[in-house]
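Written out below as structure tokens is the structure these notes cover.
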Amino acid sequence: MPSDARDAGGASGNVPGLTGKVVVTGAAGFIGAHLVEDLRRRGAHVVGIDRKASWAGREIPSTATAGALRAVHADLAFADLSSCLENASVVFHLAALPGVRPSWTQFPEYLHCNVLATQRLMDACVRAGVPRVVMASSSSVYGGAEGRMSEDDLPRPLSPYGVTKLAAERLALAFAARRDTALTVSALRFFTVYGPGQRPDMFISRVIGAALEGRPVEVYGDGTQVRDFVYVLDIVRALVLAAVCPDRCSTVLNVGTGSASSVNEVLALTGELTGARPDVRYGAARIGDVRCTTADVGRAERLLGFTARTPLRTGLATQVEWARHALAAPPPAPAAGTSGAGGRTGMTPTDRS
């Protein structure tokens with residue numbers, strides 16, 4: 001990742017410290033890798049859990065400028081997590097199977113990764129006496145709501161993926177409501193997250209890749225649909241703020257910018273930043289896609305003091321430069337004992353978490 005990627009969003013700036021032992025699930029994924037880097041920079045000892053085979057066996061000792069990392073290769077739905085969670089001050093639960101469209105045909109896997117894994121993790125957190133869980137939810141729980149999406153709106157997910165994310169956050173909050181635990185939970189409903197390391201199947205990654213490589217890109221719909229695009233380091237800052245918030249109540253919080261841009265606006269801006277106008281092929285809208293997502297960010301501002309800082313142009317420019325570097329770099333050799341497919345982790349163009 002280019003050094004300027006961390007500067008665009010200022011993840012570490014003006015956020016209270018977070019030290020001691022912390023746990024990150026989905027640590028090898030897009031957001032998880034950025035969060036692990038930020039936490040280690042703060043001096044935290046990070047236990048990162050991920051089920052990617054290439055995540056196994058990573059041990060990074062602490063240094064004068066960064067905390068240690070212990071990498072645990074495990075499936076949350078089956079693993080004994082007691083040693084990982086022992087004495088943890090906070091658990092960041094980011095592990096999930098993403099994607100609206102595949103969830104229609106792969107629903108059992110979505111149930112396993114998003115619902116069962118969350119139930120097993122929350123049960124283990126209660127038994128281990130973990131005081132705080134900050135988890136990733138999604139704006140997909142709102143479905144096709146009109147106008148700004150507020151945490152007080154009735155969730156109406158329009159896809160199996162959205163259903164599993166809503167189920168996961170309600171499960172976590174139910175564990176927090178138990179009388180036999182002091183655990184509190186903040187479920188952060190992320191809007192459309194982008195930035196270096198974004199999954200290659202996501203819209204902005206596809207558009208940047210197509211522009212840089214001179215190939216066509218398919219857009220589902222007419223391009224007038226709008227999204228609240230939020231930069232990944234703003235997401236990281238919100239996660240940390242939720243972990244250290246003095247008012248540790250259990251709640252759900254939107255994390256977005258509070259403004260939205262159309263798909264066509266992103267296409268035009270990408271053309272300006274890459275110097276190559278994308279060759280767009282418009283197609284039919286996909287089942288489960290929504291026309292508009294815009295976050296009501298008032299609750300996050302009040303409870304966390306959080307406001308997204310990164311303008312879309314700045315964040316896109318950083319992702320474009322990261323993509324240029326990634327395309328120019330030779331692919332890493334597959335890890336021992338793995339095939340090349342799906343074996344990369346962290347900030348790579350093939351990251352799938």
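For the range 239-265, the tally of residues that are more than 20 Å from the chain's Cα centre (by Cα) and part of a helix (DSSP H, G or I) stands at 3.
For G48, are the conditions met, namely being farther than 19 Å from A168 by Cβ, of a type outside the set (A, V, I, L, M, F, W, C) and not in a loop (DSSP other than H, G, I, E, B)? Step through it out loud before you land on a result.
Details: farther than 19 Å from A168 by Cβ: yes; of a type outside the set (A, V, I, L, M, F, W, C): yes; not in a loop (DSSP other than H, G, I, E, B): yes.
The answer is yes for G48.
Residues checked against (1) of a type in the set (G, A, S); (2) surrounded by 21 or more Cβ atoms within 10 Å (Cβ to Cβ); (3) modelled with pLDDT under 95; (4) not in a loop (DSSP other than H, G, I, E, B):
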residue: E109; (1), (2), (3), (4): no, no, no, yes
residue: A145; (1), (2), (3), (4): yes, no, yes, no
residue: Y161; (1), (2), (3), (4): no, yes, no, yes
residue: E169; (1), (2), (3), (4): no, yes, no, yes
residue: A172; (1), (2), (3), (4): yes, yes, no, yes
residue: V185; (1), (2), (3), (4): no, yes, no, yes
residue: P196; (1), (2), (3), (4): no, yes, no, no
residue: I204; (1), (2), (3), (4): no, yes, no, yes
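Conditions (1) surrounded by fewer than 17 Cβ atoms within 10 Å (Cβ to Cβ); (2) of a type in the set (D, E); (3) in contact (Cβ under 8 Å) with a residue 60 or more places away in the chain; (4) assigned to a loop (DSSP other than H, G, I, E, B), marked per residue:
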| site | (1), (2), (3), (4) |
| --- | --- |
| R40 | no, no, no, no |
| G57 | yes, no, no, yes |
| G67 | no, no, no, yes |
| P102 | yes, no, no, no |
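Summed over the range 281-326, residues that are of a type outside the set (S, T, Y), part of a strand (DSSP E or B) and surrounded by fewer than 17 Cβ atoms within 10 Å (Cβ to Cβ) total 2. The set of residues in the range 80-100 being closer than 12 Å to T118 by Cα and not in a strand (DSSP E or B) consists of L94, A95, A96, L97. Against the condition assigned to a helix (DSSP H, G or I) and either farther than 22 Å from Y220 by Cα or open to solvent by 30 Å² or more (accessible area, probe 1.4 Å) (or both), how does L273 come out, does it pass? Yes.
The values are calculated or read from the model by the stated rules, or taken from the named source; none is laboratory data. If you're wondering where the values come from, they're calculated on a predicted model, not measured in any experiment. Here the Cβ is made from the backbone with ideal geometry for all residues, glycine too, and neighbour counts use every protein chain on show. Each accessible area value is taken on the protein alone, full model and side chains, heavy atoms only, with ligands, DNA and RNA left out. Shrake-Rupley method; radii C 1.70, N 1.55, O 1.52, S 1.80 Å.
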